[in-house]
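A quick write-up on the structure given underneath.
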Amino acid sequence: MAKKRILSGMRPTGPLHLGNLHGALANWKNMQDDYECFFFIADWHALTSDYDTTAPIQGYIMDVFIDWLSVGLSPDKCTLFVQSHIKEHAELFLLLSMITPLPWLERNPTYKEQIAELKNKDLSTFGFLGYPVLQAADIIIYKANGVPVGIDQAPHVELTREIARRFNHFYGDIFPIPETILTETPKILGIDRRKMSKSYNNAIYLSDSPDEVRDKVAQMITDPQRARRSDPGNPDVCNVFSFHQLYSDEQTVQRVDRECRHAEIGCVECKQLMAENLVKALAPVHEKRTYYETRPDTVRAIIEHGDQAARAVAVETMEQVRAAIRI
Ligand code: TRP
Ligand code: SF4
């Protein structure tokens with residue numbers, strides 16, 4: 001039986017962190033053997049909010065791409081590419097914009113939230129309102145069966161389904177209706193116990209050096225109720241413990257759990273223990289990162305290879321689309 005096709009994308013907003021690793025990336029990696037995978041960098045989508053600061057985007061594309069390769073997304077198994085290199089997305093976006101009712105976009109919860117949240121930014125643009133239409137084009141141009149995304153992106157996939165249905169209704173059955181494949185949110189938080197995010201300045205990056213990792217771990221907020229070394233702690237509410245569960249062996253996890261509850265281990269020591277295990281786990285990622293960072297031409301060739309494979313599919317879909325619309 002043919003493998004199902006999945007597709008997902010990330011905006012190029014700079015290097016990826018452990019939240020991305022245990023969220024989207026881990027999920028993508030797990031899927032690369034069982035699905036025909038298309039993963040791309042949504043650089044046009046970055047423009048919808050950062051249209052006035054475009055200089056860093058090319059560097060961010062390389063950052064993200066190298067992170068993908070370093071954690072083990074394989075160009076032999078998946079099609080890895082850059083959105084703006086496949087101009088067909090723009091053509092389909094234009095055609096879909098003709099059939100997308102404005103109210104569908106205006107009631108999009110993500111749209112309303114972002115407008116309210118990013119007050120210092122003028123987001124009353126055509127492009128920002130049309131963000132989900134471009135995303136729909138990204139997805140259906142590859143006839144994806146599934147879209148692995150976090151819960152924040154679920155409304156966009158829902159809109160994609162509606163737009164694809166509307167297209168099929170007007171012009172004939174060309175597009176499969178893609179399923180949302182929900183990615184579990186990672187259990188780990190940022191060093192300040194908020195959601196790990198670049199904009200909160202609380203993230204540990206895949207590209208952080210061992211000393212940066214140690215330094216950030218030392219700053220991590222632990223069980224807030226544990227004020228003194230002599231107070232017993234509660235690992236269940238401690239973010240450092242969540243990291244232990246991901247990076248330390250079972251024996252260490254059990255020992256920390258017990259000794260924390262009896263005030264037999266201090267947070268400083270507990271963090272050092274975890275930091276060393278985290279540094280060890282990141283070592284192979286760093287090694288690959290160094291390899292690719294010093295070979296930008298190799299990275300560019302991998303991107304070019306992915307672009308070609310993606311383009312072949314997109315070109316074929318667009319031929320069918322033009323024929324269906326008779327234009
Ligand atoms: N909007 C997505 C995000 O911000 C990125 C994205 C663009 C995407 N096009 C996509 C994700 C298509 C899945 C499918 O994370
Ligand atoms: Fe958290 Fe470890 Fe401190 Fe317990 S000892 S509160 S698990 S950092």
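Every condition in (1) of a type in the set (A, V, I, L, M, F, W, C); (2) within 23 Å of residue 219 (Cβ to Cβ); (3) touching a residue at least 60 places away in the same chain (Cβ under 8 Å) is met by residue 241 except one, and the failing one is (3). Scanning the range 173-189 for residues that are surrounded by fewer than 22 Cβ atoms within 10 Å (Cβ to Cβ) and under 19 Å from residue 313 (Cα atoms) yields 173, 174, 176, 177. Looking across the range 136-170, the residues that are under 21 Å from residue 315 (Cβ atoms), part of a helix (DSSP H, G or I) and touching a strand residue (DSSP E or B) at 6+ places or on another chain (Cβ under 8 Å) come down to 138, 139, 160. Across the range 100-150, the qualifying residues are those that are among the β-branched types (Val, Ile, Thr) and either buried (at least 18 other Cβ atoms within 10 Å of the Cβ) or within 29 Å of residue 2 (Cβ to Cβ) (or both), and the one among them that is farthest from ligand 1 (Cβ to nearest atom) is 100. Here the range 151-162 is the region considered, the condition is being within 16 Å of the chain's Cα centre (by Cα) and of a type in the set (A, V, I, L, M), and the residue that is nearest to ligand 1 (Cβ to nearest atom) is 157.
Can we say residue 81 is in contact with a Leu (Cβ under 7 Å, 6 or more places away or on another chain) and away from ligand 2 (no atom under 16 Å from the Cβ)?
When the stated conditions are applied, residue 81 does not pass them.
Restricting attention to the range 300-316, report how many residues are farther than 19 Å from residue 60 by Cα and of a type outside the set (D, E, K, R).
As a first pass, look at the range 300-316 and keep what is farther than 19 Å from residue 60 by Cα: 305, 308-316.
Subsequent filtering for residues that are of a type outside the set (D, E, K, R) retains 305, 308-310, 312-315.
Here the count works out to 8.
Every number here is computed from the coordinates shown, using simple stated rules; none is lab data. On a predicted model such as this, the values are computed, not experimentally measured, just so you know. Glycine also receives a Cβ, built like all others from the backbone with ideal geometry; neighbour counts cover every protein chain displayed.
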